[in-house]
Amino acid sequence: MDNPLIAIVLIVALFSVLLSPKTKTVEGFFQGHSADGRAPGLMTLIFSQVTTWIFARSLMNAAILGFYYGVWGTLAYGAYYLSFFTGGRIIDHLRFERGYPSVQDFLADRFGKTGTRCYNTVIGVRLVSEVFANLLVIGLLFGVAGSQAYTLGIIAIALLTLTYSMMGGLHASLKTDLLQMLIFLVVLALLMVSAFSSGSLNAELFTFKPFELSEPGPVLLLVALLQVWSYPMHDPVMMDRGFLADRDTTRRSFFYAGWISIICILLFGLLGVMAGAHALSGETMQQALNRILGELPMLLFSASLIISAMSTLDSALSSSAKLAIVDMKLTDASLKNGRSAMAIFMLLGVALVFLGNKDLFSAVAVSGTASMYLAPVIFFSLWGNRQSIPVASYLGSFVLALVGAGLYFTESSGYTNLLGEFHKYTKLLWISLTVLIGGCGFFWLGDKLSASTLPEHNLHTTEEVG
């Protein structure tokens, strides 16, 4: 096991614990308020949003997609970060224009218990996958899958993160996000200096892979542009941070976090592009980077992934506690129950690491496809304010998205070949288009049928509102 890497992890973990005083109030644990009841400020919210979204899985995905598909692969992954701008608009409309205190309250108002049950199922799976994917990256940085170093690294980080998360809840997560983001920015800057000084990061990288619409990189870019409308609403970490501060602070936090995240992801992805462009036959991305940059920069590379993973893990655990205790109301809203929920979600994530699929982008693609059932909810019910959409339309969109997500998983994993011999990202594009068009079709039809049964004066009112 790499002793310098262990030392870096222990130092960051120690500072994270020191920054996480034990929260004594329910508001601090679930809503991130300080001991005197103050909401988080702008800088805290910006850095918390950024560091929880440019987490280990995302950094690794951006680099891997750059390695295999060139700049277009990295741009495709970066496009997912436009979610900050669509997410900011969703929050502004939901909270400040419509007056709902949470996504669940909005869905319950429009679609009853069916609305919240479907949504809670999707985001529950999302949170478990967040824990799983970030622990998986950590394990692979410490050793080969299945090795003792791999197993011990995962367990150690899981216990360390769970410890300080249980101490302070969301308040601790916000404070540690600030520290971890500052460290990450320094590490990223050093990595980029090293990459530029190596002479391998140059304009030739942009021609490393051709731009043709049929190529995997551009196809994945189109997928991202389809999924970015609904992706933020199914991300509880992003949504939770939209309900903490006043309107102006919230708006600005989403705007600045969006641009900072996109820049960080693209810069990190360029390391993967550089590795792909200069890789020798049979070399992996890590091997190529190690040869080009040297051992010290690669230590920084690994450290940046682990730091961002810890940040995402504590945020995912905080959102898990809020989901189970506050939003789903499975039991009383107490610190003890919140901490128990964190432990359960961490155990589920650890279990998936040792039992689940090891393809990191599959988790993003499956999750993003499932989230697309929310696109017509946003277009028709939230932004369009159509109040006559029946529950059947909502269920139809939900089932179609789940079928699409399941189909992509089986196709990309090789379990089925129902869509032919196309590249898996081409299949994902067609599935995403079908889910989006089909879901919107359900809502459009449901709205028309419901409106046609209303009395004439109610029909006129509904059309004016829409």
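The values are calculated or read from the model by the stated rules, or taken from the named source; none is laboratory data. This one's a predicted model, so the numbers in the text were calculated from it and none came from an experiment. Methodologically, a virtual Cβ is constructed for each residue, glycine included, from the backbone with ideal geometry; neighbour enumeration extends over all protein chains shown.
For residue 178, indicate whether it is surrounded by 23 or more Cβ atoms within 10 Å (Cβ to Cβ), under 24 Å from residue 235 (Cα atoms) and assigned by TED's automatic domain parsing to the domain that holds residue 67. Against the criterion (surrounded by 23 or more Cβ atoms within 10 Å (Cβ to Cβ), under 24 Å from residue 235 (Cα atoms) and assigned by TED's automatic domain parsing to the domain that holds residue 67), residue 178 does not qualify. Is it the case that some residue within the range 62-70 is within 15 Å of the chain's Cα centre (by Cα) and either under 30 Å from residue 137 (Cβ atoms) or in a loop (DSSP other than H, G, I, E, B) (or both)? There is at least one residue in the range 62-70 that is within 15 Å of the chain's Cα centre (by Cα) and either under 30 Å from residue 137 (Cβ atoms) or in a loop (DSSP other than H, G, I, E, B) (or both). Put simply, of 370, 343 the only residue that is at pLDDT 90 or above and in contact with a His (Cβ under 8 Å, 6 or more places away or on another chain) is 370.
In the range 105-126, the residues that are farther than 28 Å from residue 312 by Cβ and hydroxyl-bearing (Ser, Thr, Tyr) form Cβ pairs under 9 Å with partners that are modelled with pLDDT of 95 or more and part of a helix (DSSP H, G or I), at six or more places apart or across chains, as follows: 114/107; 114/391; 114/394; 114/395; 114/398.
When 74, 114 are screened for being more than 30 Å from residue 152 (Cβ to Cβ), touching a helix residue (DSSP H, G or I) at 6+ places or on another chain (Cβ under 9 Å), crowded, with 19+ Cβ neighbours inside 10 Å and hydroxyl-bearing (Ser, Thr, Tyr), only 74 passes.
When you scan the range 251-264, do you find a residue that is at pLDDT below 85, of a type in the set (Val, Ile, Thr) and within 17 Å of the chain's Cα centre (by Cα), even just one? There is no residue in the range 251-264 that is at pLDDT below 85, of a type in the set (Val, Ile, Thr) and within 17 Å of the chain's Cα centre (by Cα).
Looking across the range 172-201, the residues that are closer than 16 Å to residue 17 by Cα and over 19 Å from the mean Cα position of the chain (by Cα) come down to 172, 175, 179, 183. With a requirement of 1 or more residues that are of a type outside the set (Asp, Glu) and over 24 Å from residue 197 (Cα atoms), the helices (runs of 4 or more DSSP H) lying completely within the range 244-358 that satisfy it span 247-278, 295-321, 335-355.
Apart from one condition, residue 100 fits all of (1) without any contact (Cβ under 8 Å) to a residue 12 or more places away in the chain; (2) of a type in the set (Phe, Trp, Tyr); (3) under 15 Å from residue 241 (Cβ atoms); the exception is (3). Look through the range 392-410, keep the residues that are under 16 Å from residue 378 (Cα atoms) and aromatic (Phe, Trp, Tyr), and return whichever of them is surrounded by the most Cβ atoms within 10 Å (Cβ to Cβ). The selected residue is 394.
Residue count for the range 411-466 under the criterion of being at pLDDT below 90, of a type in the set (Val, Ile, Thr) and buried (at least 16 other Cβ atoms within 10 Å of the Cβ): the result is 1. Residues in the range 202-225 that are free of Cβ contacts under 8 Å to residues at least 12 places away in the same chain, part of a helix (DSSP H, G or I) and aliphatic (A, V, I, L, M): 203 only.
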